[in-house]
Protein chains: 2
Amino acid sequence: MMRISELARKGGVGVETVRFYQRKGLLTVPRGEAPGGRHYGEDDVKRLRYVRHAQVAGFTLAEIAELIELDRTDDRPRARAMAAERIAALDEQIAKLQAARESLARLARDCARGGDGPCPILGAFDRV
Amino acid sequence: MMRISELARKGGVGVETVRFYQRKGLLTVPRGEAPGGRHYGEDDVKRLRYVRHAQVAGFTLAEIAELIELDRTDDRPRARAMAAERIAALDEQIAKLQAARESLARLARDCARGGDGPCPILGAFDRV
DNA sequence: ATTGACTCCGTACCGTGGTACGGAAGCTAT
DNA sequence: ATAGCTTCCGTACCACGGTACGGAGTCAAT
C-alpha cells in the first residue's frame, strides 16, 4: 500500500506539494478511506509525473488542470489547440533566451579579453 | 524635462513599476527635488532598459541590483562569474524547453494524425 | 479660483507555486 | 499502554514581481 510520502518520493516532490496539487484538483484524493491513511497506486504516480512534465513544458497549474479535464472528456481539438499555443510560446521563449544567451556570452568574452574602458557586462545591456 | 510617466513609457513599463524598481534600488531617484515632480534623463531610460534586458536573460531583480552595484565598484571578476553562471543556467533551461517543445510537437502530430485510442496529448506526459 | 492631469509616498493587495505549522487521529513496535 | 512515526486537515506564511489605492501636493489652462 503506497502512502502519500512514497507517492511524493516517486514523483520527486514533497508531501506538502502532493497535498497542494490535490487541493488544486491536479491529483485525485483516494476515495476509499483506509485506516492509517489513504493509499495510492501507479496511476497516481503517473499523474504526478504528468503534472511535472507539463510544468516543464510551461503549462501553468491551471492549464494542467484543464488538460486533465480534457482527458476526462476526450476533447482532442481543444487539446491540440492548447498544445499548438504552448509550442508557439515555447518557440518564442527559446528564441529570446538564445538571444539573451548570445549577447551575454559576447559580453563575457569582451570582458575577459580585457581592454580598457568600462566592463562590457556592467551597464551594457542597453547595447543588447 | 522628462517625468516619470515618460520614463515608464520609454521603458515599456508602467509608472508603478518604475517606482517599484526605485524602491528596489534598481533605478535611482533623482536627487534634485524639482517643483511639480522630479525629472529624468536618458541615463535613466538606459538603466531601465538595462534592467528589462537583464530580466530577459533570467537575472532576478536582486541579481540585477548586484550587477548595478558591481558596475559602481567595477568588479569585473564577479561580473564575469555571474555572467558565466547565468549562461550555464540559460543553456540548461534552453535544452529543457527544447526537449519539452519537441515532445509536445510530437504528441500534437500524433493527435492530429487521428488514429484510435486515447489522445496522445492527454495523459501522455508520462511517456515523455 | 477651480478643474484636470500629473507627481510623490506609504501601504495594501494580487497571482503563482509552493512550504511550514499545529492539532487530532491512526498504526506499529516495544 | 506508551512512544514514535505517519497521516489528515486547515490555516498561515513565504518569495517573486508586480499592481492598485488613497491622500496630499503641484502645475498649466480656463
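Just a few scattered comments:
- Proximal lysines to B:K10, defined as alpha-carbon separation beneath 21 angstrom and excluding residues fewer than eight positions away on the same chain: A:K96, B:K24, B:K46
- Accessible carbon and sulfur surface of the protein assembly as shown relative to its total accessible area, %, 1.4 Å: 50
- Sites count as exposed loop sites when they are trypsin sites (Lys or Arg not before Pro), lie in a DSSP loop, and have at most 12 other Cβ atoms within 10 angstrom; the longest stretch of chain B without one is B:32-112.
- Closest approach to the B/A rotation axis among chain B Cβ atoms, residue and whole-Å value: B:I94, 3
- Model label points for B:A105 and A:R109, set 7 angstrom from Cα along the Cα-to-Cβ axis, are 2.6 nm apart.
- Å² of accessible area per residue within the protein assembly as shown, as computed with a 1.4 Å probe and no ligands counted: 56
- Using just its DSSP H runs of length 4 or more, each adding -39500 (n - 2.57), the protein assembly as shown gives a mean residue ellipticity at 222 nm of -21500 deg cm²/dmol after division by all residues.
- Both numbers refer to the Cα atoms of chain B; Rg and Dmax are 22.2, 72 Å.
- Shown in residue order for segment B:57-74 are the 3J(HN,Hα) couplings computed by the Karplus curve 6.51 cos²θ - 1.76 cosθ + 1.60 at θ = phi - 60°: 6, x, 5, 6, 4, 5, 5, 5, 4, 5, 4, 5, 5, 4, 5, 4, 9, 6 Hz (x for Gly and Pro).
- Each copy carries a label point for A:A65 at 7 Å from Cα along the beta-carbon vector; from one copy to the others these points are 3.3 nm apart, nearest first.
- Amide proton proximity set for A:M2, modelled H, under 5 Å, gap of 5+: A:Y40
- Loss of accessible area when A meets B, both sides summed, Å² nearest 100, probe 1.4 Å: 3900
- Tilt relative to chain B, helix B:42-56 - C-alpha long axis, 0 to 90 degrees, to 10: 20
- Estimated vicinal HN-Hα couplings, Hz - segment A:91-104 in sequence order (Karplus 6.51, -1.76, 1.60; Gly, Pro = x): 4, 5, 5, 4, 4, 5, 5, 5, 4, 5, 4, 5, 6, 5
The values are calculated or read from the model by the stated rules, or taken from the named source; none is laboratory data. Just so it is clear, the structure is predicted and the values come from calculations on it, not from any experiment. When we count neighbours, we look across all protein chains shown, and the Cβ atoms used for this are built from the backbone with ideal geometry, even at glycine. The protein model used for the area step is the full one, side chains on, heavy atoms only, and it has no ligands, DNA or RNA in it. Shrake-Rupley method; radii C 1.70, N 1.55, O 1.52, S 1.80 Å.
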